[in-house]
Amino acid sequence: MQNQAIQVKGLQKSYKDLHVLKGVDFVVGRGSIFALLGTNGAGKTTIVKILTTLLKQDGGNAAVNGFDVASRPDSVRQSISLTGQFAAVDEILTGRENLIMIARLRHLTHPRQVADNLLSRFGLTDAADRRVSTYSGGMRRRLDIAMSLVGTPQLIFLDEPTSGLDPEARLEVWKTVKELAQNGTTVFLTTQYLDEAEQLADRIAILHEGTIIANGTLAELKKMFPPARVEYVEKQPTLEEIFLAIIGKKETK
Amino acid sequence: MDTARTHFISDVGVMLGRSMRHILRSMDTIITVTIMPIAFMLLFVYVFGGAIQTGTDNYVNYLLPGILLIAIASGIAYTAYRLFIDMQRGIFERFHSMPIAHSAPLWGHVLTSLVSNAISAVVIILVALLMGFRSSAGVLSWLAVAGILALFTLALTWIAVIAGLSAKTVDGAGAFSYPLIFLPFISSAFVPTESMPPVVRAFAENQPVTSIVEAIRSLLAGQPVGNDIWVALAWCLGILIVAYLFAMRIYNRKAA
């Protein structure tokens, strides 16, 4: 119980006739990175919304940091942060103003100091006083994640953190997520990219047609499927590898 | 719940600061809510005014209440717009997953509407003073005028909240305000209703703007307000309560 950041049992949710979640079960250990994998429309965002108290489930139980999401939403909100699918930043404010705003809403004693620290941690100090509308997609996402770290929540939800980002920005986000976990933050992320889950996650759960059809470490998942065979294939570089080599960013991975 | 309640005021204050920055950084908003009404006032006083018979020698005095209402009606369209943008982007989801009162983001928008419309009203009154507006009203009358304008702003703001929450497109979020901006033209705001054809006159004399305009005009002129102020207050409060209840229902349904 104490070692579990999230416990989900028999979670059900329907939108009118559409039965999206048909009894979802999983647990997420404290301090781990948990990836929820699934195709578009599989219900990943629905699960995130239920766990972050934005949506009420129709059936089953979900507890976050030991608090039931349906009966103790306010206690849940104290210890989590959500980085939604679409960058939840204020475009008209500057990066610094965005961070100060969140720090004030979290009633921290030194909002400016908190903002300065996060700006430098996320490499946004130079852009701090520019309006967010002038930021690139990657900078916006970094600011978005930085805003979620204000007040150092124990658990952070990242809903498709790299969708719509170019490969370079994607690597930046991966680096950030790894650093988060190293500092002891629990990360719950959803993705539709297999390599993203493979790169980041301690545990991977696959959501398909409303239930979790596989759940385990990468090694465990590999064991469930046909054993590896030795094949000789000419290794062609992927377009991503070519792209990154050309722009000279390959070594940053 | 406790932290969310104790910090409600300061949280709404943060939201107010955010939206006020939005307004001050949007030239479009400033032009529409302040400069346009002033342009109307200049146009009516210096171009049409000579041909309008109101039975008063100071047309600025006659005109000012209607101009203030037009400014408010165009100002609240931006409240709907800002609310719509917040719903579309992820920022409301972020706020709602934070330990703050669920309604704080919404009240931030309502308070912003009240504050920004008050500022533009003050600017318009100052310009009117330069144009020859004079008032013999005492402090109490001015307070009454401020109260009526605040109630009118709130009533329209809650209508704007309904529009902002339920609109499907940006254009839709603002379109509802056009009839509201037009209402003062079919009232006693610019010309006395006696000059209008019977059907138009009947509409003009029984719609909310006329009673509000008449009440403010009498208060500013230091004359007895009679029944108009009660009719005006009844309209404002009635619209306010109905729109508030509708808006809250939509907000609680849409924003989980």
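At a glance:
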read-out: Selected residue (criterion: nearest to the chain's Cα centre (by Cα)) from residues of segment B:163-187 that are open to solvent by 40 Å² or more (accessible area, probe 1.4 Å) and closer than 15 Å to B:ILE250 by Cα; value: B:SER166
read-out: Qualifying residue in segment B:67-74 (condition: under 26 Å from B:THR210 (Cβ atoms) and within 14 Å of chain A (Cβ to nearest Cβ)); value: no
read-out: Filtered residues of segment A:107-117 (kept if more than 7 Å from every other protein chain (Cβ to nearest Cβ) and either open to solvent by 10 Å² or more (accessible area, probe 1.4 Å) or of a type in the set (Ser, Thr, Tyr) (or both)); value: A:LEU108, A:THR109, A:HIS110, A:PRO111, A:ARG112, A:GLN113, A:VAL114, A:ASP116, A:ASN117
read-out: Failed condition for A:GLY123, given (1) small (Gly, Ala, Ser); (2) in contact with a Gly (Cβ under 9 Å, 6 or more places away or on another chain); (3) assigned to a loop (DSSP other than H, G, I, E, B); value: (2)
read-out: Filter result (free of Cβ contacts under 8 Å to residues at least 60 places away in the same chain and surrounded by 22 or more Cβ atoms within 10 Å (Cβ to Cβ)) within segment A:74-87; value: A:VAL76, A:ARG77, A:ALA87
read-out: Selected residue [within 12 Å of chain B (Cβ to nearest Cβ), at negative phi, free of Cβ contacts under 8 Å to residues at least 24 places away in the same chain and among the β-branched types (Val, Ile, Thr)] from A:ILE92, A:ILE156, A:ILE100; value: A:ILE100
read-out: So A:GLY164, is it modelled with pLDDT under 90 and open to solvent by less than 10 Å² (accessible area, probe 1.4 Å); value: no
read-out: Pair list, Cβ < 8 Å and 6+ apart or interchain, from segment B:146-174 residues that are of a type in the set (Lys, Arg) to residues that are buried (at least 18 other Cβ atoms within 10 Å of the Cβ); value: none
read-out: Check on B:MET15, within 14 Å of chain A (Cβ to nearest Cβ), open to solvent by less than 30 Å² (accessible area, probe 1.4 Å) and touching a helix residue (DSSP H, G or I) at 6+ places or on another chain (Cβ under 7 Å); value: yes
read-out: Options B:SER195, B:SER188: the member that is out of contact with any helix residue (DSSP H, G or I) (no Cβ under 8 Å at 6 or more places or on another chain), among the small types (Gly, Ala, Ser) and farther than 26 Å from B:ARG89 by Cα; value: B:SER195
read-out: Within segment A:124-151, tally of residues that are within 20 Å of A:GLY164 (Cβ to Cβ) and away from chain B (no Cβ under 13 Å); value: 8
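The values are calculated or read from the model by the stated rules, or taken from the named source; none is laboratory data. All of these numbers come straight from a predicted model, not from anything done at the bench. Positions of Cβ are generated from backbone atoms using ideal geometry, with glycine treated the same way; all protein chains shown enter the neighbour counts. These accessible areas exclude ligands, DNA and RNA; they are computed on the full protein's heavy atoms, side chains included. Shrake-Rupley method; radii C 1.70, N 1.55, O 1.52, S 1.80 Å.
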